[in-house]
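What follows is a single structure, written as C-alpha cells, with notes after it.
The values are calculated or read from the model by the stated rules, or taken from the named source; none is laboratory data. This is a predicted model, so every value here is computed, not measured. Here the Cβ positions follow ideal geometry from the backbone for every residue, glycine too, while neighbour counts run over all protein chains shown.
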C-alpha cells in the first residue's frame, strides 16, 4: 500500500443545494457541517466559488471560511476553489494572506479556472481562455507570496505597478496551495510547474472515459522535473461522492431520490452534462455504486474502496468527500460520523496500539484468567484466616 502513514480526510463543499431549498438555511447547514467535522477530528474542508446555475450558492469562499474559522478550532479551511480568471491576482493573494493571519495558519489556497460556463459568460470571459488566464494569475500569485521585491506586470486582463504584499504570509513560505484537476492535463501540469498540491476533482468520469490517475500524476511529476521542482503525493487529494449507513441497502435507499436529482436536475438539465441513460432515475445510485464511481454503503465498503483507489492511483495523501445534499440532515451527519469512527482509524494508524494490546490479552486469556482466579482465591483465604478465632495453649 502506497498511502501515507496518516491519510488526511476532509470534504469538498460545492455546495450542492437543490433550488427550492431555503438558501439561508442551506448555508447554515453548510456551516453546521464544518463545525461537526471539526468535532469529529476531520483534517480539512475545501469551499467552492460559484455565481450561477442555482445549486452552488457560495460566491466567496473567503467570507465563508472567515465565518467557519470563528466557529471551529482545529480543522483547516481551503478555497475549493477560487476561480482565478474572475479576480485580480493581487486581490486573491491579499485576501488569502489576511485569512492566513486571522486563522493563525489554518487556511489553504485552492485555485482553478472556473467550472461553470455560465459564470464565465456573465463576466465576459471566453471559456476557452480560462485555463491560460488561471496559469498566468497563479504565476503572479506565487511571485507575490514568495518574493518581497516590488514588481510590475502587464497582461491583457490585469496590470501590476510596483506590486508587493505589504502583509507577508503568516505561514512560511506561504499557506498550502493546490490546483484543481478535473480530467485534462492542464491542472496537473500547472501544479507541477509550481510544485503545488493537486485537488483531483475528476476521479472516475472524464470527457474521454475513465480518468487514468497514474497518468495524471506522472504528468504532474514530469512538469515539476522540467523546472527542478518535486511533487509530493501527500499533497494529492482525491474527491469522490461518499455516503455511509449501517447497511449497504440503507445507504442506497437513503440517497436514491437525492442522487437522481443531483445528476439529472443539476448535471443534465442545468449544466447540459448527460447522465447515464437508465430505465428509471431510481437506478442511478446502484449504477454508480456498482461501478465504483461513488462510495455508497457501509464503513467496510468504504475501506475497501479506499484500498482500490490506492492501487489505481499509486498512492495519494488525502480523501475528500464530495458533499452532496442528497439525504436528510441527521443522516448526512451520521454518515460523516461513521466514516470518522470506523473508516478513518484504518488509515491513520490510530488503532495499532489498541489492536496490539487486545491481541496480547486474547492470546494469554487462559493464564490471565487463571491468575485472576488464583488472586481472588488467595484473597478469600486471607479473609477467612483473619476471621477465624485464635486458640490459646
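Looking across the range 121-131, the residues that are more than 19 Å from residue 179 (Cβ to Cβ) and either in contact with a strand residue (DSSP E or B) (Cβ under 7 Å, 6 or more places away or on another chain) or touching a residue at least 12 places away in the same chain (Cβ under 8 Å) (or both) come down to 122, 123.
The C-beta contact set for the range 358-370 (first residue on the phi > 0 side of the Ramachandran plot, second residue modelled with pLDDT of 95 or more and surrounded by 10 or more Cβ atoms within 10 Å (Cβ to Cβ), distance under 6 angstrom, 6+ apart or interchain) is empty. Condition test on residue 311, is it out of contact with any strand residue (DSSP E or B) (no Cβ under 8 Å at 6 or more places or on another chain) and either loosely packed, with under 10 Cβ neighbours inside 10 Å or more than 30 Å from residue 48 (Cβ to Cβ) (or both)? The answer is no for residue 311.
Assess whether residue 328 counts as being assigned by TED's automatic domain parsing to the domain that holds residue 80, under 27 Å from residue 41 (Cβ atoms) and touching a strand residue (DSSP E or B) at 6+ places or on another chain (Cβ under 9 Å). Spell out how you get there, then give the answer.
Numbers: assigned by TED's automatic domain parsing to the domain that holds residue 80: yes; under 27 Å from residue 41 (Cβ atoms): yes; touching a strand residue (DSSP E or B) at 6+ places or on another chain (Cβ under 9 Å): no.
No, not satisfied.
On inspection, residue 287 does not qualify as touching a residue at least 40 places away in the same chain (Cβ under 8 Å), in the same structural domain as residue 50 (by TED's automatic domain parsing) and surrounded by 15 or more Cβ atoms within 10 Å (Cβ to Cβ).
If a residue has to be more than 29 Å from residue 104 (Cβ to Cβ) and either in contact (Cβ under 8 Å) with a residue 12 or more places away in the chain or not assigned by TED's automatic domain parsing to the domain that holds residue 89 (or both) to count, how many in the range 132-180 make the cut?
Of all residues in the range 132-180, those more than 29 Å from residue 104 (Cβ to Cβ) come to 132-133, 135-136, 152-159, 161-162.
With the extra rule that they be either in contact (Cβ under 8 Å) with a residue 12 or more places away in the chain or not assigned by TED's automatic domain parsing to the domain that holds residue 89 (or both), the set shrinks to 133, 135-136, 153, 155, 157-158, 162.
Selection size over the range 132-180: 8.
Evaluate the range 212-230: report whether one residue or more is in contact (Cβ under 8 Å) with a residue 40 or more places away in the chain, more than 21 Å from residue 308 (Cα to Cα) and either part of a loop (DSSP other than H, G, I, E, B) or touching a strand residue (DSSP E or B) at 6+ places or on another chain (Cβ under 7 Å) (or both). No, the range 212-230 contains no residue that is in contact (Cβ under 8 Å) with a residue 40 or more places away in the chain, more than 21 Å from residue 308 (Cα to Cα) and either part of a loop (DSSP other than H, G, I, E, B) or touching a strand residue (DSSP E or B) at 6+ places or on another chain (Cβ under 7 Å) (or both).
Restricting attention to the range 6-20, which residues are surrounded by fewer than 19 Cβ atoms within 10 Å (Cβ to Cβ) and touching a helix residue (DSSP H, G or I) at 6+ places or on another chain (Cβ under 9 Å)? Spell out how you get there, then give the answer.
Start the filter on the range 6-20 by keeping residues that are surrounded by fewer than 19 Cβ atoms within 10 Å (Cβ to Cβ), which leaves 6, 18-20.
6, 18, 19, listed by residue number.
Do the conditions hold for residue 73, that is, is it on the phi < 0 side of the Ramachandran plot, exposed (fewer than 15 other Cβ atoms within 10 Å of the Cβ), in contact (Cβ under 8 Å) with a residue 24 or more places away in the chain and out of contact with any strand residue (DSSP E or B) (no Cβ under 8 Å at 6 or more places or on another chain)?
Numbers: on the phi < 0 side of the Ramachandran plot: yes; exposed (fewer than 15 other Cβ atoms within 10 Å of the Cβ): yes; in contact (Cβ under 8 Å) with a residue 24 or more places away in the chain: yes; out of contact with any strand residue (DSSP E or B) (no Cβ under 8 Å at 6 or more places or on another chain): yes.
So residue 73 passes the test.
Taking the criterion of being in a helix (DSSP H, G or I) and touching a residue at least 60 places away in the same chain (Cβ under 8 Å), the residues of the range 35-67 that qualify are 36, 37, 40.
This table checks each residue for (1) at pLDDT 95 or above; (2) over 26 Å from residue 321 (Cβ atoms); (3) more than 26 Å from the chain's Cα centre (by Cα).
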{"position": "133", "(1), (2), (3)": "yes, yes, no"}
{"position": "154", "(1), (2), (3)": "yes, yes, yes"}
{"position": "166", "(1), (2), (3)": "yes, yes, yes"}
{"position": "174", "(1), (2), (3)": "yes, yes, no"}
{"position": "177", "(1), (2), (3)": "yes, no, no"}
{"position": "182", "(1), (2), (3)": "no, no, no"}
{"position": "190", "(1), (2), (3)": "yes, no, no"}
{"position": "197", "(1), (2), (3)": "yes, no, no"}
